[in-house]
Every structure is written in structure tokens, then in C-alpha cells.
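See structure below.
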Amino acid sequence: MTLTRDNIIDFIYDEARMLDEGRFSEWLDLWIPEGHYWMPLDYKQKDPDLVTSLLYEDDFMRRLRVERLNGERTFSQKPKSRCHHVIQRPFVDEFDLDTGHFVTNTSMHYIETRLDEQFLLAITATHELKLVDGKLRIANKRVELLNSDAAFGNIQLLP
Amino acid sequence: MTLTLKLTAKDSVIDRIDLFTFEAIDGASLPNYTAGAHLDFELGAAGTRSYSLIDFERRAGNARQLQVAVQREDKGDGGSKAMHALEVGDTIETTEPKNDFELHSSEAPTILIAGGIGVTPIISFAAELHARGARYQFHYATRSRENCAFAGALTARFADALTLWFDNESQMDLQSIIADAPSGAHFFCCGPKGMIEAVRELAEAQGIAKDHIHFELFASPRGHEGDKPFEVEIADGRVFTIPADKTIVEVLEAKGIDATFDCQRGDCGICQTKVLGGIPDHRDVVLSKSERDSGKVMQICVSRAKSNRLKLDIGAPASKAKTRAAERRSTMGNNTTDADAIRALVQQHQVHRDTYIDKEIYELEMKHLFSNTWVFVGHDSQTLTQGDYITTQIGNQPVIMVRHTDDQIYVLYNRCPHKGTKIAIDRSGNTGKFFRCPYHAWSFKTDGCLLAIPLKKGYAETDFEDSEANNGLESVGAVKNYRGFVFARLAKEGMSFEDYFGDAMSSFDNMVDRAPAGRLEVAGPPLRYMHQCNWKMLVDNQTDTCHPMVAHESSAGTAVRLFEEANWPADKPKPMAMEIIAPFMSPYEFFEEMGIRTWPNGHGHTGVHHSIHSDYSQDPEYWNALVEAYGEEKAAKTLGENRHNTVYWPNIMIKGPVQQLRNFIPLGPDKTLVESYIYRLVGAPDYLLQRTAMYNRLINAPTSMVGHDDLEMYERAQEGLHAQSTEWINIQRLHTEEEDYDEIAVENGTTERQMRNQMNAWVKFMTMSMEPETEAAE
């Protein structure tokens, strides 16, 4: 079977559903280990390393985050948060079957709730995907919040 | 009675798991046992280890062979390795078979749940139930097909009842197994702790009676080398054996005795139990020396016995000191501006809740406390060139910090003297040579002086020169730029900067001295994290050294565990994230020994002797740059000082070793904005800034796993304080009779003296401007 643009788009939808259904351990398996999950603090931030970001997480940190969410002594998750992604059809900005390299750009509304509180984040997500052993994997993901410089309360799950 | 057994066969089952077959030395018959029994093996230096007997053939009644399966734990403390080192023909001593995990004898159906090597007793149960012709299910989870020991033998014998689950294909669906179980079923689970906890929670959630849930923990042994089994007698006279690799709590739980416990690390104090006989071997960090020496109480989650038997008063709750009778009184009454009423809110050992929740008190804080104290405004690298400004606030007062044409930093009220319009609202910018109000174009020099008003002749005959508006943008009372850090005092008169901070500035000195060039530069915008709680909760938490190992167990504890499981090569540098997070799980002793220093006027710091930042890696390039700038002696002294958190009263904290500043900006009695800044050490290599940036996002971000749990605690406290229970917040830990907060003191790192010091300063700077003018002013 040859990969189509629809396969790429379906992958992005599937990932959002996975997060919304709290299947975080499965979500970890979508990643190639070298990948980074980046949420910049500054609008159009270029450098993840020498200025602060909201998130810049490698394999170890992603695993820690998911283990913590699954853990029994995670007090800020008693009760647990839930999240919801409403996504617009992703743009496939790069589609290279020869190298197995794909880039998408997706607008999303991300909603997170816990107890009586709920908040909305407007997001643009950039996914860099790679074909590994016939399966699509996340090589890097950048999540830009429209209001990344605003003061937030806890953002506990994974926009 | 001990048995001497000879190893007659050792068969590899799967990778790392061997099946050991033992017989009596002389071929005699062996003691009878029932399904679920185990043997305690004497393994020399590795101590005693318990392994469950496997009985496929149900020969328990007249055994000539005993079989156990052992998984080699390369990172364990040697028990399993000692077993694997045995060779056929070797002899070994064991106890007689003992059973702490008996199968039920009723007609009710049975659900067997096994995880990994925990399958061994479960196999014996399956054989027994199969022979009885009983109704049962056998669920067995392993990581993958390759990790599934005895798959073939089990399928051959128990095919009708058996379901194999593989984590990498389809995870065991405990929820459905338990929900769909026939009513009245008994559950038997053996496997890792997480699995047992999940079974217990799900079963309890389904309303399944506790005495229908049976389990045996296959925990990796946590005890010390050489731990021995001992006996525990409980109040009703029953006696239980505590094996070397199990705790009292674990055994009692397995036996259905209702023990109260929580941390299972010996630090929370919840499982404290009276000792009625025998000598405890204390392993906890809760008891004082005199309590230990008395031998009358112990923490049964970790502590063991020096005597062969302990008699415990289980069932009787631990005696807790009676809470001091709440000294309820309406402290505020009607006269909220009375300095005496303010003083009545703070006693040395406790603070009235109104200081955290009352709106009037908050307004008084804004008016008095944040006016009389020196408050952080910004860093001069945020306003590098003339005309650069930032907007911020001091208490609830909007201010502009700006660099004037004389290259000095000015701090001005952000209010047009004309109609009140804020002159600037972007967080930073450059205004050129003057500010211009966007409403009526009044303009002001960057030192605040009125420059021009359009159509000024309209004021010509109005004595405008005498008006306050003619004074331009008003400056705050006083400004001080200390090595780049700008502070301001709103009040025109008051304590000097030097008197206010004194020796406390040594933490800033240490932070700046870490830069080879002797100065810092702000690195990017701050994290901005909104807290629905009083600002003082954040300040208190900076020197609260008894919360990290509790509140941050979910992040730091999990990180430590993941790292241990990762088999990190010894020659590969630890991930930077681990260097940062792991020390949060340091035990109480670490925090006790780190020390706390308090200075007059509410300042203080943790980490006098060492801190969670002490063990960060350094590199030669940085060291050489520091030595070149300052000489070896001073460089060593600077890097040898690793203060943890320094609180500058009222509302900032800095971390010298990671070049951070956190500003707790009050927005209301129950609302605080936390801005967390990071700085570059000018002249130092980038990796230091990389660590600083990482620290900031891991610990201080709204997305931080560590920050989440702190905020959760503050917000719960902010709500809980409204309860019509005691009206006081306790700050009594290590309080001594006469504490003089005008003296510098260094004390045990878990003291709450710094919180007391802060509230002493709170009273001082709250009341300073209340009398004697108060009555006239109000």
C-alpha cells in the first residue's frame, strides 16, 4: 500500500483522539525516541534551548509525564483532568514519499477541564512525521498557543 | 524446623527465569503443604528470600520434590542472583513450607490474576481448582509472548480457564475482568505492586467484599542486607511471621488486618503503632531520638524487630497530640486599621487565617506593607538603552521602570497626572526621549517631568503651576539598582535599602559573582503562571522543606524510578533533567541538614550547608573563566555556596546556583501572578543557561509537573481556610520559646522559623505607617 495524503491527515486525527481518550501510553508509542514535543513560550520563538519554553520534552520527559498522569500519588490529578481537541483539516505542507518525511500544519481548539473549571486554548500544531518500518511516527511536534505569553493556571494534559 | 534440600534439576524456562527442583538429601518424603505456600531460603550474604512453591501436578499431599521458579533481578540486592548461582547437586537450607496465601475452600468461583513471575503460586491454585472441578478463571499478564513463562505447560493443562495477556499486544483488561466476574467470586492476585493496587481498587469500587480479595506482593526486596524474619503478635493474640523481604504492613494487609498506613517509606508517621512487647529495629525518619530509645512506638511500614517477636497494639489508633485548643476570637472587630488588631493576627507559633483570605487585610497590605518595604521591580538588562522601559506593579500600584537620558533607572507611577490614563501598557518597549500620553498628548521626559501640553495657553490663567498635574509622572519614594537588580520603595520616608536587606544581599552577590563578567542579563520573557491563592502561600512554600518528598512524589519519585528502570550506562552522563528533578525526592534528613538562615526584616534562605543544587555538574571551561576573572580562592568560594531558595521579603525568591528569580505579584487576596525569570551569566558557557532554562520549564511553568502539585496544594488551602474549623494556620515546627527575629540565625533546615520571621516582618511593615497618624489619616 502506498501512503497517501489522507493517511497523513488520518494520523493527525487519530493522535488527537488518542489524547482525548486518555490513551497516553499508546501516544508515547507514536514517537520516535529522538523526537521533541515543544511548546514555545514566546510568539514565533526560534530557540528551544537558551530561553524558557512551556514544554520541550524528550523521550524521558514524555515518559515521566505519562507515568505521572497514570500514577496513584498525583495529587493535582485527583480527580483527573479531561481534554478535547477540535481540529481543522491539517495542511500537508511537505509530502516526500522517497525519504518518508512529512510535515503538517493543524489548527486546533484545545479544551481542558477538571472539577468546575474549563479553559480553551487556540493552537497551531506543526507535526514532523517519519515513516519507520512502514508506520508513521512523530519525529517532532511543535504546539504554538495563540496566547502563549498570557498567564495560565495549570495546563495538565497534552495540547 | 529447617529443611536441607538438594538441587536436583535447574531448567531454564525463559530468559532470566529458571525452574529449580529440590529433593530431600536422603530421598525421604517432604512435608505436606497447600497451594499458595512458600519456602524461605537461607542465601548467606544475600539474606533470606521467599519463593512460592509451584505445583503443576498437585502433589502437595505427598511431595518428593519441591519446585520454585526464580527470576534473576540483576539490579536486585542479590537474593535472586544467589539462587541462580546454585548448581545441581548443591544443598541449601530452607524453612518448612509456610502459607500466607491460602486458597478459599468455599464453592464460590475463583478469579486468578497473575503478573509476571507472580504466576508461581497462581499455578498451584489453578492445579488445585482444576482438580476440584471448581469454576475458575486464570488471567496471566506478561510484557510480551517472549516473557510468558510456562505458556506451553499452562495452555496444555488449563486451556479452558486460561487467558494470556501481553502488554505489547493487548493489555490485561482488569476493569472488565473484575466487572464481569460472577457474583460471590474470590479474587487471588499475585504480581507487581501496581497490579495488586489496581485489582484492589477496582474490586473495592465494584463493592466486592475485602475478604474476597486476596493477594501476595512480589515486591523487590527493600530491606537491608541480612534482614531476618520475625514474628508479630497483634492485640487479639494472633501471630504472623514477617519474612525478610516483607514489611509488617504488607503481611498484615495480606492477612486482612486493617492497618492504617500511607507512604511506605517511614516518613509520613501515619502507621505509627504502639509496641507492647519486644524490641523494634527503627528504620523510619519520623520518631525523635527519645521516642526511638523508648521502644514504645514504631512505624510498621519500614521498621523491623531486633527481638524474635514484637507485640503490637494494632487496632488502637496512634496517640496524637491534642490540637491546641483553638484560641478563637474575633480579632478584627470593627476597627480594621488598628495596629493592635493587626498584631493580634500573628502569634509566634500561629497566624490568623484573615491574613490569607480577608479582603480588608489584603487592601491594608497593599497600602502599608507594599509601601514600606523594598520591592523588586526588574533587571536593568530589561532596559538596556535610553528610553527602554518595562511596565510592572509594586503591590497593586502600576509602575514604569525606564532608563533616562542620564543612564539612570527611574521608577514612575504609570498614571497620567491629567486624567489617570496609563501611559504605557505593553510589557516592554522603547519610548525614545519622552513618554506621550495617548489620550491628550501630554508628554513627559523619561525622568517623569512634564515636558509639554498641547494648547497649553488654555491653562495660562489657572494657577496650573500649583497643581499636582504640573508635577508630571510621579516617581516612587526611592529606587536602588543593586548589581543590576532594581528595587523600589513606594513610601517617601522609610528604611534605607541597606538597613532593610543588610547581609541578605549575599545571595544576590553569589548569583552575580557566578558570572565571569560580573553581571547578568535577562534571558527571554518570564514564565507567567496564575495562582488562585494568596501571595504569601507562595512565599511560605519557598522555605517549606517538608513538602517536596510528599507533594512532588508523583514527578520526582516517578523520575527516579524511571531512571532506575532505564539501565542507564554508568559511563554516560546523567540526563540534565534528572540532575534537576531527582533531588526533590531527597529524604527529610537531607533537608534537615541543609539548614535555614534567617535575617532581620523577613528575609531568609534554605540551603546553608548544601542544597538540591549542590551536585550539578560543572565543566572546566566555566571554572577556568571564573578563576581568570576572580582568582581560584574566590571562584571556589562562589561555587561552594549553593543556597537553595532565598526569600527577599515581601515577595520574591531567587536561586543563585540556577540564576532564577520568581516574583509573586499579588492581584487579590486569593489571586497571585507568578513571574519566573532566568538570567544569563555573562561570560559563562551556554550549557549553564541551558540548565537554567530547563529548570524553569520543568519546575516553574504552568505546564510543569512539579508546579501542578504545588498549585493544587495552595488552591486547596485557600479554599480550606474558609472552613469554620480552627481559624489559625500553624507555623510551629521547631519553634523555640524566645525567638528574636532581629538576630541572624542558622537552624535545622526543616524549621518554620523563616515563616515566623516573615510574619514578624509582616506586622512590622504593616503597622509602621498606621500609627500615630492613623486616626488623622482615616
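The values are calculated or read from the model by the stated rules, or taken from the named source; none is laboratory data. Since the model is a prediction, treat every value here as computed from it, not as a measurement. Glycine gets a Cβ as well: all are built from the backbone with ideal geometry, and neighbour counts include every protein chain shown. Ligands, DNA and RNA are excluded from the accessible area calculation, which covers all protein heavy atoms including side chains. Shrake-Rupley method; radii C 1.70, N 1.55, O 1.52, S 1.80 Å.
Could you run through segment B:539-578 and say how many residues are within 8 Å of another protein chain (Cβ to nearest Cβ) and not in a helix (DSSP H, G or I)?
Counting residues in segment B:539-578 that are within 8 Å of another protein chain (Cβ to nearest Cβ) and not in a helix (DSSP H, G or I) gives 2.
Go through segment A:40-82 and report how many residues are farther than 26 Å from B:Pro526 by Cβ and either basic (Lys, Arg) or more than 13 Å from chain B (Cβ to nearest Cβ) (or both).
So the answer is 5.
Residues in segment B:36-51: is at least one polar (S, T, N, Q), surrounded by 17 or more Cβ atoms within 10 Å (Cβ to Cβ) and at pLDDT 85 or above?
no
Scan segment B:432-450 and tell me whether some residue there is in contact with a Leu (Cβ under 6 Å, 6 or more places away or on another chain) and open to solvent by 60 Å² or more (accessible area, probe 1.4 Å).
yes
Give, as residue ranges, the helices (runs of 4 or more DSSP H) completely inside segment B:163-267 that count at least 3 residues that are surrounded by fewer than 19 Cβ atoms within 10 Å (Cβ to Cβ).
B:174-179, B:193-205
Could you say whether any residue in segment B:630-644 is within 14 Å of chain A (Cβ to nearest Cβ) and at positive phi?
Scanning segment B:630-644, I find no residue that is within 14 Å of chain A (Cβ to nearest Cβ) and at positive phi, so the answer is no.
Yes/no per residue for (1) free of Cβ contacts under 8 Å to residues at least 40 places away in the same chain; (2) farther than 22 Å from B:Leu490 by Cβ:
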site: B:Ser381; (1), (2): no, yes
site: B:Ile390; (1), (2): yes, no
site: B:Gln397; (1), (2): no, no
site: B:Ile409; (1), (2): no, no
site: B:Leu451; (1), (2): yes, yes
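Filtering segment B:703-722 down to residues that are more than 14 Å from the chain's Cα centre (by Cα) and surrounded by fewer than 24 Cβ atoms within 10 Å (Cβ to Cβ), which residue is farthest from the other protein chains (Cβ to nearest Cβ)? Break it down stepwise before answering.
Let us first name the residues in segment B:703-722 that are more than 14 Å from the chain's Cα centre (by Cα), namely B:703, B:715-722.
From the residues that got through so far, the ones that are surrounded by fewer than 24 Cβ atoms within 10 Å (Cβ to Cβ) too are B:715-722.
Details: B:Glu715: 9, B:Arg716: 9, B:Ala717: 12, B:Gln718: 13, B:Glu719: 11, B:Gly720: 14, B:Leu721: 18, B:His722: 16 Å.
Step by step, filter segment B:703-722, then rank; the result is B:Leu721.
Please enumerate the residues belonging to segment B:682-693 that are closer than 19 Å to B:Ala559 by Cβ and either free of Cβ contacts under 8 Å to residues at least 40 places away in the same chain or at the interface with chain A (Cβ under 8 Å from one of its Cβ atoms) (or both).
Listed by number, the residues that qualify are B:Gln690, B:Ala693.
In this structure, does B:Arg691 turn out to be among the charged types (D, E, K, R) and touching a strand residue (DSSP E or B) at 6+ places or on another chain (Cβ under 8 Å)?
No: the conditions fail for B:Arg691.
For segment B:497-529, which residues satisfy the criterion of being away from chain A (no Cβ under 14 Å), among the acidic types (Asp, Glu) and open to solvent by 30 Å² or more (accessible area, probe 1.4 Å)?
B:Glu498, B:Asp499, B:Asp503, B:Asp509
Within segment B:167-194, work out how many residues are under 12 Å from B:His139 (Cα atoms) and within 14 Å of chain A (Cβ to nearest Cβ).
4
Output the residues belonging to segment A:5-54 that are polar (S, T, N, Q) and under 26 Å from B:Tyr529 (Cβ atoms).
Hits for segment A:5-54 are A:Gln45, A:Thr52, A:Ser53.
Of the residues B:Val608, B:Val627, B:Val647, which is open to solvent by 10 Å² or more (accessible area, probe 1.4 Å), under 25 Å from B:Phe501 (Cβ atoms), more than 14 Å from chain A (Cβ to nearest Cβ) and of a type in the set (Val, Ile, Thr)?
Testing whether each residue is open to solvent by 10 Å² or more (accessible area, probe 1.4 Å), under 25 Å from B:Phe501 (Cβ atoms), more than 14 Å from chain A (Cβ to nearest Cβ) and of a type in the set (Val, Ile, Thr) leaves just B:Val608.
Starting from residues that are of a type outside the set (A, V, I, L, M, F, W, C) and within 11 Å of another protein chain (Cβ to nearest Cβ), keep the ones in segment A:28-39 and report whichever is least open to solvent (accessible area, probe 1.4 Å).
Among those that are of a type outside the set (A, V, I, L, M, F, W, C) and within 11 Å of another protein chain (Cβ to nearest Cβ), it is A:Tyr37.
Among the residues of segment A:14-27, write down those that are within 12 Å of chain B (Cβ to nearest Cβ) and in contact (Cβ under 8 Å) with a residue 24 or more places away in the chain.
A:Ser25, the sole residue that qualifies.
Of the numbered conditions (1) free of Cβ contacts under 8 Å to residues at least 12 places away in the same chain; (2) under 30 Å from B:Glu752 (Cβ atoms), B:Val351 fails exactly one; give the number of that condition.
Against the list (1) free of Cβ contacts under 8 Å to residues at least 12 places away in the same chain; (2) under 30 Å from B:Glu752 (Cβ atoms), B:Val351 comes up short only on (1).
Working only within segment B:66-115, note down all residues that are among the hydrophobic types (A, V, I, L, M, F, W, C) and in contact with a Pro (Cβ under 9 Å, 6 or more places away or on another chain).
Those that are among the hydrophobic types (A, V, I, L, M, F, W, C) and in contact with a Pro (Cβ under 9 Å, 6 or more places away or on another chain): B:Leu66, B:Phe101, B:Ala108, B:Ile111, B:Ala114.
If the requirement is being at positive phi and either in contact with a Lys or Arg (Cβ under 8 Å, 6 or more places away or on another chain) or within 14 Å of another protein chain (Cβ to nearest Cβ) (or both), which of these qualifies: A:Gly153, A:Gly100, A:Gly134?
A:Gly100
Which of the residues belonging to segment A:59-75 are open to solvent by 50 Å² or more (accessible area, probe 1.4 Å) and in contact (Cβ under 8 Å) with a residue 24 or more places away in the chain?
If the condition is that a residue be open to solvent by 50 Å² or more (accessible area, probe 1.4 Å) and in contact (Cβ under 8 Å) with a residue 24 or more places away in the chain, then A:Arg63, A:Asn70 are the ones that fit.
Taking the options B:Ile699, B:Ile678, name whichever one is at pLDDT 95 or above, out of contact with any strand residue (DSSP E or B) (no Cβ under 7 Å at 6 or more places or on another chain), open to solvent by less than 40 Å² (accessible area, probe 1.4 Å) and within 13 Å of chain A (Cβ to nearest Cβ).
Values: B:Ile678 fails: out of contact with any strand residue (DSSP E or B) (no Cβ under 7 Å at 6 or more places or on another chain).
Only one candidate qualifies: B:Ile699.
Residues in segment B:134-162 that are assigned to a helix (DSSP H, G or I) and β-branched (Val, Ile, Thr): how many?
Of the residues in segment B:134-162, 1 are assigned to a helix (DSSP H, G or I) and β-branched (Val, Ile, Thr).
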